[in-house]
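Novice: Next up is a structure, given as structure tokens.
The values are calculated or read from the model by the stated rules, or taken from the named source; none is laboratory data. None of the values given here were measured: they were computed from a predicted structure. Glycine also receives a Cβ, built like all others from the backbone with ideal geometry; neighbour counts cover every protein chain displayed.
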Amino acid sequence: FSEAVDEALKAAGLPWLPGVATASDCMRAVAAGRTVAKFFPAETAGGPPALKALSGPFPQMSFCPTGGVGLNNLASYLALPQVICVGGSWLVPADAIAAGDWKRVTQLAKEANEAFKALRG
């Protein structure tokens, strides 16, 4: 979490999702009035167990984990009530973008949406 970036974007009136990976990051985000943050790099930073641990001292926080999240582990993140969404490059693979394969990107987005609906209703 960067206080300088947060202040600059607030001043510009731009929305953003600040990034956190540690309890110290969460402390700074909460002090700045933020209650929603991107948890990155999710898998490297400890995955669902780390998010669960952060929820104890920061019950007001909600997270969007990214970084190592995909259809293979989506369920373990969405099982946590503090996770409001997930993000990942698996939705828009570089080779699909380069080839203009929007059909593939659309299919991957549909699969992610179906997985979300199956887990969250």
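Novice: So which residues in the stretch 60-76 are free of Cβ contacts under 8 Å to residues at least 40 places away in the same chain and either more than 24 Å from V5 (Cα to Cα) or of a type in the set (V, I, T) (or both)?
Specialist: Answer for the stretch 60-76, where residues must be free of Cβ contacts under 8 Å to residues at least 40 places away in the same chain and either more than 24 Å from V5 (Cα to Cα) or of a type in the set (V, I, T) (or both): T66, G68, V69, G70, N72, N73, S76.
Novice: Still on this structure, please answer the following. What's the total number of residues in the stretch 77-121 that are assigned to a helix (DSSP H, G or I) and in contact (Cβ under 8 Å) with a residue 40 or more places away in the chain?
Specialist: 7
For every residue, the table says whether it meets (1) over 30 Å from S24 (Cβ atoms); (2) modelled with pLDDT of 95 or more; (3) not β-branched (V, I, T).
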position	(1), (2), (3)
G46	no, yes, yes
G56	no, yes, yes
C64	no, yes, yes
L71	yes, no, yes
G88	no, no, yes
V105	yes, yes, no
A112	yes, no, yes
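Novice: Quick one: what pairs do we get from the stretch 14-38, first residue on the phi < 0 side of the Ramachandran plot, second among the aromatic types (F, W, Y) and outside any strand (DSSP E or B), C-beta under 6 Å, 6+ apart or different chains?
Specialist: Correct list of pairs: P18/F1; G19/F40; V20/F1; D25/F1; C26/F58; R28/F1; A29/F1.
Novice: How many residues does the stretch 68-90 contain that are in contact with a Phe, Trp or Tyr (Cβ under 8 Å, 6 or more places away or on another chain), buried (at least 18 other Cβ atoms within 10 Å of the Cβ) and under 14 Å from A112 (Cα atoms)?
Specialist: The number of residues fulfilling the criteria is 4.
Novice: Sticking with this one: For the stretch 23-67, how many residues are assigned to a loop (DSSP other than H, G, I, E, B), β-branched (V, I, T) and either surrounded by 14 or more Cβ atoms within 10 Å (Cβ to Cβ) or in contact with a strand residue (DSSP E or B) (Cβ under 8 Å, 6 or more places away or on another chain) (or both)? Step through it out loud before you land on a result.
Specialist: Of the residues in the stretch 23-67, the ones assigned to a loop (DSSP other than H, G, I, E, B) are 32-35, 40-46, 56-61, 66-67.
If we keep only those that are β-branched (V, I, T) too, we end up with 35, 44, 66.
Among the residues that remain, those that are also either surrounded by 14 or more Cβ atoms within 10 Å (Cβ to Cβ) or in contact with a strand residue (DSSP E or B) (Cβ under 8 Å, 6 or more places away or on another chain) (or both) are: 35, 66.
Number satisfying all stated conditions: 2.
Novice: Only residues that are loosely packed, with under 15 Cβ neighbours inside 10 Å and of a type in the set (A, V, I, L, M): list them for the stretch 91-120, please.
Specialist: Of everything in the stretch 91-120, those that are loosely packed, with under 15 Cβ neighbours inside 10 Å and of a type in the set (A, V, I, L, M) turn out to be V92, A94, I97, A98, A99, A109, A118, L119.
Novice: Only one of these conditions is not met by K10: (1) among the charged types (D, E, K, R); (2) under 28 Å from K110 (Cα atoms); (3) assigned to a helix (DSSP H, G or I). Which number is it?
Specialist: Every listed condition holds for K10 apart from (2).
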